[in-house]
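Student: Input: one structure, supplied below.
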Amino acid sequence: MIRRFVLFLVHAAVCAVALASSGLAAGDDIVERGAYLANVGNCEGCHTARGGAPFAGGKPMATPFGTFYASNLTPDRDTGLGAWSSEDFWRAMHDGVSRGGRLLYPAFPYPNYTRVTRQDSDAIFAFLKTITPRKQANRPHDLRLPFDQPWLLRLWRAMFFRAEPFAPDPSRSEQWNRGAYLARGLGHCDACHAPRNWLGAVTKNDPEFDGGTIPEQKWYAPSLHDPAQAGLAGWPRTEVANLLRTGRSTRATTSGPMAEIVARSMQHWNDKDMDALSEFLVTLPTRIRPRPRVESPNEKDPTWLRGKSLYGEHCKDCHGDQGQGRPGVFPALDGNRAVVMNPPANVVRIVLVGGYAPATKFDSRPHGMPPFGQTLGDGDVASVVTYIRSAWSNRASPVSAAEANRVRGYGSD
């Protein structure tokens, strides 16, 4: 009798630890929780083609190695996960191995998902089993030689992947560890915010979220450590949470891929998880990157004068003659770290394709900036960006027409 009671206590303690690490509370519905966790991981965003059925796959992901196509996650027995077990799904998440033993490409971010707990994996799978089945065959990846060769994938895994659970930091609070679990696991922040090597593996450096280029999209995911990029040290946690939940704050506005993440995923995070992530992000160690010394602009330079003229023609009405913007409507450009950041890819990209804050339940019709890529050539884009990077109190390096061309997408990286 005593032995059974002791075993019961041990079992209860293990379950309590598992629930705490997964964010589950006793009595939570596993399907409801799985739906929430799938949203945290933005599963639908990657596994839904434009105009396609939710989670039915087929969405292309362009990379320097070729194009990957997301798989069908619906419970169709022939083309989706209908014949899978929770063990099969866990093996894919934790080990990067599909049902039947096929190795998965890391375009599916199992190097992050390996840290997801079994309880969270089972909850996500329970949710996926409830969605409408869609019979849609998985499209083969279109990869260039030699990246389509199984031996290279096996070599990649041997060099860069280890299946491992999330390891909490005992010196940190439960809230901080929850934030770290989300950032390093389901949130897979380093999939964008970290540099990669020539084989596409995240560079294991310190600090871990030190910024990285998203090459085929021509965007740069800024460093989460550098206060001149996207470092958040010193920010109030409430302001961090507001930025990540709504896409805008008094200090920053999200655009491009990050705005999509806010719209598809982060606006739906619960308060506890958003507070935990904010706690983790504001405590990341600060790393200030070397910056080139830039003198005051030569206001007689033809490029600078052309940029000033274009700014007056296209930008001044919204952003102000002194780059002051309009609070809550149009962001200031003077002192804006997205404007003066190195590399300048994002500010060039916004001029080319427009700048749009995410539409969320908090603001369904945010103000946006129209694209100028169809009306301005590379030289004019370079001129206006050079101007706003050096006007007023800004002191950042000039941008060349060749750089604008690369960000536009016509040139090579």
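Student: Can you sort Met93, Met159 so the residue with the fewest Cβ neighbours within 10 Å comes first?
Tutor: Numbers: Met93 29, Met159 10.
Ascending Cβ contact count within 10 Å gives the list Met159, Met93.
Student: On to the next question. Efficiency by 1/(1 + (r/R0)^6): what FRET value for Gln217 and Ser173, r their Cβ-Cβ distance, R0 = 25 Å, to the nearest 0.05? Write out the running numbers ahead of the final one.
Tutor: Working: r = 35 Å, r/R0 = 1.42.
Once the sixth-power term is evaluated, E becomes 0.10.
Student: Would you mind checking the tilt of helix 118-128 against the longest principal axis of the Cα atoms of the chain, expressed as 0 to 90 degrees and rounded to 10?
Tutor: 80 degrees
Student: What FRET efficiency comes out for the pair Arg289/Phe161, r = Cβ-Cβ distance, R0 = 22 Å, nearest 0.05? Before the final figure, lay out the partial values.
Tutor: Details: r = 28 Å, r/R0 = 1.28.
Given R0 = 22 Å and the Cβ-Cβ separation, E is 0.20.
Student: Note down the net charge around Val262, summing +1 for each Lys or Arg and -1 for each Asp or Glu among other residues with Cβ under 12 Å from its Cβ.
Tutor: +2
Student: Also, quick follow-up: With contacts defined as alpha carbon pairs under 8 Å and 6 or more residues apart, what's the relative contact order of the range 174-282 in percent? Could the numbers behind the result be given before it?
Tutor: Details: 148 pairs, mean separation 32.5, N = 109.
Relative contact order comes out at 30 percent.
Student: I've got another one for you. Let me make sure I get this right: for the range 34-174, a, b and c are the square roots of the gyration tensor eigenvalues over alpha carbons, sorted descending. Under 1.5 in a/c it's rounded, otherwise prolate if a/b > b/c, else oblate. Which is it? Kindly include the intermediate steps, with their values, before the conclusion.
Tutor: Values: a/c = 1.67, a/b = 1.07, b/c = 1.56.
Judged from the Cα gyration tensor, the range 34-174 comes out oblate (a/c at least 1.5, b/c at or above a/b).
Student: Mind giving me the FRET efficiency for Thr250 and Ser364? R0 is 25 Å, r the Cβ-Cβ distance, nearest 0.05 is fine.
Tutor: For Thr250 and Ser364, the calculated efficiency is 0.75.
Student: Most exposed first by the Cβ proxy, i.e. fewest other Cβ within 10 Å, how do Glu32, Glu164 rank?
Tutor: Listing Glu32, Glu164 from fewest to most nearby Cβ atoms yields Glu164, Glu32.
Student: Going by a ≥ b ≥ c, the root eigenvalues of the Cα gyration tensor, does the chain fall in the rounded group (a/c under 1.5), the prolate group (a/b larger than b/c) or the oblate group?
Tutor: prolate
Student: Oh, and also: Work out how much length Thr375 to Gln149 would gain on full extension: take 0.36 nm times their residue separation and subtract the Cα-Cα distance, in nm to one decimal. Before the final figure, lay out each step's value.
Tutor: Values: separation 226, 0.36 × 226 = 81.36 nm, distance 4.30 nm.
Working it through step by step, the gained length comes to 77.1 nm.
Student: Moving on. For the Cα atoms of the chain, what angle does the longest principal axis make with the long axis of helix 174-184, in degrees from 0 to 90, nearest 10?
Tutor: Helix 174-184 and the main axis of the chain meet at about 70 degrees.
Student: Which links in Lys59/Lys129; Lys129/Lys218; Lys59/Lys316; Lys204/Lys308; Lys218/Lys308; Lys308/Lys361 stretch past 32 Å when you go from one Cα to the other? Let's see the in-between values first.
Tutor: Working: Lys59/Lys129 20 Å; Lys129/Lys218 36 Å; Lys59/Lys316 38 Å; Lys204/Lys308 42 Å; Lys218/Lys308 25 Å; Lys308/Lys361 37 Å.
From the list (Lys59/Lys129; Lys129/Lys218; Lys59/Lys316; Lys204/Lys308; Lys218/Lys308; Lys308/Lys361), the Cα-Cα distance tops 32 Å for Lys129/Lys218; Lys59/Lys316; Lys204/Lys308; Lys308/Lys361.
Student: Residues with beta-carbon under 10 Å from that of Thr67, excluding Thr67: net charge, scoring Lys, Arg +1 and Asp, Glu -1? Walk me through the intermediate numbers first.
Tutor: On the way: positive: Arg139, Arg144; negative: Asp142, Glu216.
Within the 10 Å Cβ shell, the charges total 0.
Student: Here's another thing I want to ask about it. Give me Thr238, Thr67 sorted ascending by neighbouring Cβ count inside 10 Å, so fewest comes first. All intermediate terms of the calculation are to be shown ahead of the outcome.
Tutor: Numbers: Thr238 12, Thr67 15.
Lowest count first: Thr238, Thr67.
Student: Give me the net charge of Asp76's neighbourhood, meaning all other residues with Cβ under 9 Å from the Cβ of Asp76; Lys, Arg count +1, Asp, Glu -1.
Tutor: Details: positive: Arg77, Arg134, Lys135; negative: Asp78.
It works out to a net charge of +2.
Student: Okay, next question. With a/c under 1.5 counting as rounded, go ahead and sort the range 174-282 into rounded, prolate or oblate using the C-alpha gyration tensor (a ≥ b ≥ c being the square roots of the eigenvalues; past the cut-off, prolate if a/b is larger than b/c, else oblate).
Tutor: Details: a/c = 1.57, a/b = 1.35, b/c = 1.16.
Prolate, because a/c is 1.5 or more and a/b exceeds b/c.
Student: Still on this structure, please answer the following. Whole-Hz ³J(HN,Hα) for each residue in the range 389-397, computed from phi via Karplus 6.51 cos²θ - 1.76 cosθ + 1.60 with θ = phi - 60°, x for glycine and proline: what do you get?
Tutor: Listing the rounded values in order: 7, 10, 7, 6, 8, 6, 9, 10, 5 Hz.
Student: For Thr132 and Thr203 in one chain, what is 0.36 nm times their gap in residues minus the Cα-Cα distance, to one decimal in nm?
Tutor: Working: separation 71, 0.36 × 71 = 25.56 nm, distance 3.85 nm.
Length difference between fully extended and current span is 21.7 nm.
Student: If you fit an axis through the alpha-carbon atoms of helix 271-282 and take the longest principal axis of the Cα set of the chain, what angle between them do you get, 0 to 90°, nearest 10?
Tutor: On a 0 to 90 degree scale, this one is about 60.
Values in this text are rule-based calculations from the coordinates and carry no lab data. These numbers were taken from a predicted model, which means no experiment stands behind them. In this analysis, Cβ positions are derived from the backbone assuming ideal geometry, glycine residues included, and neighbour counts consider all displayed protein chains.
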